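Quick note: the coordinates plus some simple rules give every number you see, no bench work behind them. From a predicted model like this one, the values you see are computed outputs, not experimental measurements. For neighbour counting, all protein chains shown are included, and Cβ atoms are generated from backbone atoms with ideal geometry for every residue, glycine included.
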C-alpha cells in the first residue's frame with residue numbers, strides 16, 4: 001500500500017499508509033501524521049486518493065506546503081516526491097497498489113448504469129439528498145412552492161382565475177375545457193397548457209396563441225408574468241404565493 | 001368518437017430478448033404497455049404479468065362492477081378511472097408476491113402505462129418511465145411524468161431537461177411495479193378531442209427519438225400501425241439500444257355533426273350511422 005514517511009535528519013520518524021481515508025498532517029495530536037514543530041499549523045495539510053491519483057492539499061496553513069520545493073495548494077503526488085512542511089520532509093512512496101479511490105465528495109459521480117434498476121425508499125432519499133447537495137441551483141425550490149395561476153385580464157370566461165392543477169389544461173369553448181371560453185364562434189379547443197418536469201408549456205390548439213405579443217408555432221415554456229392572448233381572451237400567467 | 005389503433009414491439013439491436021409487452025383491447029379502447037426489468041427472463045415475466053393483470057381487471061368491469069377499489073381516488077373520477085388505477089395496484093401486488101415466493105425472480109419489476117378511452121373521456125394510470133403523449137394541434141403533450149431519478153431532479157430544479165438527457169443515471173427508477181408491497185400510482189382524467197393522437201411508448205423509443213420527430217411522424221403517417229412501425233424503425237436506425245414498443249390510437253370524429261350531410265357527398269363510402277340529409 002502507498003505510504004508517507006516523515007523524515008527528520010534523513011531518518012524515518014514515522015510512517016503512515018495512505019488508504020481509502022485521507023491522511024491528515026499537522027501539529028495537533030489528532031492528526032494521522034502529527035508533526036511536532038512550531039512552524040507547522042495545527043491542521044496543515046492532507047493527502048488522499050482521488051480518481052486513482054494521490055493528492056496533497058494544503059489546509060490554508062500559515063507557512064505553506066511544498067512539493068519538491070514548489071509551494072502548492074493542491075498537487076498530484078508521484079512516487080519519490082518530497083513534501084516539505086516546516087523543517088520536516090515527507091517522502092512519498094506511491095509504488096504500492098492504489099487503494100479503492102477515495103472520492104473527495106465534491107463530485108459524487110455514480111457509475112454508469114445500463115440496466116434499469118429501482119431504488120428503495122432509503123436509497124432514493126440518499127441519492128436525492130446527494131444530488132441536492134451537488135446541485136447549486138436550488139433557487140427553483142422556492143418557485144415550486146408557489147401556485148401556477150391564470151388570471152383573466154379581458155374576455156368572457158367562466159371564472160376570473162384558474163389554478164393549474166392538472167397535467168393538461170385546455171382553453172376553449174368545450175364543456176370539458178378547464179378555461180371555458182364563452183361566445184359564438186369560439187373554438188372548442190383554442191390552446192392548451194401542458195405541465196412538464198421543468199415547467200408549464202403553452203401550445204396551439206385550433207388557434208395560434210400569443211405570448212407577450214408573439215405568436216407561437218409549437219409549445220413554449222411560460223415564465224412568471226407572461227401575457228397569453230388567444231381567441232380574444234387575455235390571460236396573465238403567474239406563480240401566486 | 002371513433003378510435004383507430006395499432007402497435008408494435010421490437011427487440012432492438014442490442015438486447016437478446018424483448019422485455020416489453022403491450023396489449024390493445026379494441027372493443028374496450030384499452031391500451032396497456034409495460035417494460036420489464038430483472039435478470040434472466042424475469043423482465044418478460046414481470047411485464048407480461050403486469051399487462052395481463054391490468055387487462056383482466058378492466059375486462060371484468062361489466063361482470064363485477066362492485067370490485068374493491070384500491071389506492072387513493074378523486075371523488076370526480078369515473079368508474080373506469082378508478083378501475084384502471086386499481087388494476088395497476090393489483091398488478092404491483094401480483095408481481096411483488098411472485099418475486100417474494102420465487103427467490104430466483106428477486107428484483108424483477110415493470111413499468112406500466114395504461115389508457116382507457118370512453119367517448120371523450122380518457123383515463124390514464126401510470127408507474128415508471130414508459131410515457132404517454134397526446135398529439136394535439138401539432139403539439140406533443142406529455143401526459144405522464146417519469147418516475148426516474150433524473151426526472152425528479154429536473155422537477156426539483158437540480159438538473160435541466162437537457163442535462164437529464166445526457167445523464168448516466170437515466171435507468172434509475174424511483175417507482176416501478178414489483179419493487180414494494182404497495183406503491184403510488186399516478187392516475188388522471190383528460191378530455192379527448194377529435195383528431196387527437198395518443199402514443200404510448202417504452203423508453204427504448206424516447207431515449208433515441210426526439211419529441212419533434214415523434215410529432216412529425218404522427219402528423220405524416222395517419223395510419224396508427226404504420227406510424228408505430230416507422231417510429232420503431234427510426235429507433236433501430238439510431239442503434240436500437242433497448243427494446244422498443246409503440247402503441248398509437250387516433251380519435252376520429254363521428255360524422256353526425258350538424259353539417260355532416262354536406263361532407264357526405266364527398267365521401268367514397270357513406271356510412272350508415274342513421275344520419276338523414278340531402279345529397
Debye intensity ratio in log₁₀ form over the Cα atoms of the protein assembly as shown, taken at each q of 0.12, 0.13 Å⁻¹: -1.10, -1.22
GNM top mover of B:92, B:29, B:243 - chain B, alpha-carbon springs below 10 Å: B:29
Cα coordinate range in the range B:115-221, projected on the principal axes (Å, largest first): 37, 32, 24
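Need one value for B:134-146: mean number of C-beta atoms belonging to other chains within 10 Å of its residues' C-beta atoms. Please report the intermediate quantities before stating the final value.
Values: counts 4, 0, 10, 13, 7, 13, 5, 10, 8, 4, 1, 4, 1.
Across the residues of B:134-146, the mean count of other-chain Cβ atoms within 10 Å is 6.
Over the range A:1-105, calculate the relative contact order: mean separation of alpha carbon pairs under 8 Å at least 6 apart, over the residue count, as a percent.
On the way: 274 pairs, mean separation 30.0, N = 105.
After rounding, I find 29 percent.
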Surface/4 of the Cα convex hull for the range A:1-107, nm²: 6.2
Three principal axis lengths of the range B:1-114 [C-alpha, angstrom, descending]: 42, 35, 23
Ellipticity estimate at 222 nm from DSSP helix runs (n ≥ 4, -39,500 (n - 2.57)) divided over the protein assembly as shown, nearest 500: -6000 deg cm²/dmol
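Return a whole-number percent for the relative contact order of chain B, with Cα pairs under 8 Å and 6 or more residues apart as the contact set.
Numbers: 601 pairs, mean separation 71.8, N = 279.
With pairs under 8 Å counted, the relative contact order is 26 percent.
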Contact order relative to length of the range A:1-62, as percent, for alpha carbon pairs under 8 angstrom and 6 or more apart: 24
Acute angle (nearest 10 degrees) that the helix B:79-101 long axis makes with the longest principal axis of chain B, alpha-carbon atoms: 30
Which of A:84, B:42 has the fewest Cβ neighbours within 10 Å, and the rest in rising order: A:84, B:42
Cα-based helix-to-principal-axis angle, B:211-220 vs chain B, degrees rounded to 10: 30
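So, by mean Cβ neighbours within 10 angstrom, what's the order for A:26-37, B:133-144, A:199-210 with the highest one leading?
Numbers: A:26-37: 16.0, B:133-144: 22.5, A:199-210: 19.9.
The packing order, highest mean first, is B:133-144, A:199-210, A:26-37.
For A:201-209, what's the mean count of beta carbons from other chains sitting within 10 Å of each residue's beta carbon? Intermediate values should be presented prior to the final figure.
Values: counts 4, 1, 6, 4, 5, 4, 1, 2, 0.
If you average over the peptide's residues, the count of other-chain Cβ atoms is 3.
Shielding by partners for B:188-194, please: the mean number of other protein chain Cβ atoms within 10 Å of each residue's Cβ.
Numbers: counts 3, 3, 5, 10, 1, 10, 2.
Across B:188-194, the average partner-chain Cβ count within 10 Å equals 5.
For the range B:10-60, what Kirkwood radius comes out of the mean inverse Cα-Cα distance, in Å? Before the final figure, lay out the partial values.
On the way: mean 1/r = 0.0866 Å⁻¹.
Final number for the Kirkwood radius of the range B:10-60 is 11.5 Å.
When averaged across all projection directions, what area in nm² does the alpha-carbon convex hull of the range B:62-119 cover? Present the calculation step by step, with values, prior to reporting the outcome.
On the way: hull surface 21.2 nm².
Result: a mean projected hull area of 5.3 nm².
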Extent along principal axes [Cα atoms of chain B; Å; largest to smallest]: 69, 47, 37
Degrees separating the helix B:224-237 axis from the principal Cα axis of chain B, which is the longest one: 40
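Sort B:19, B:26, B:184 by Cβ crowding within 10 Å, fewest neighbours at the top.
Details: B:19 28, B:26 11, B:184 14.
Lowest count first: B:26, B:184, B:19.
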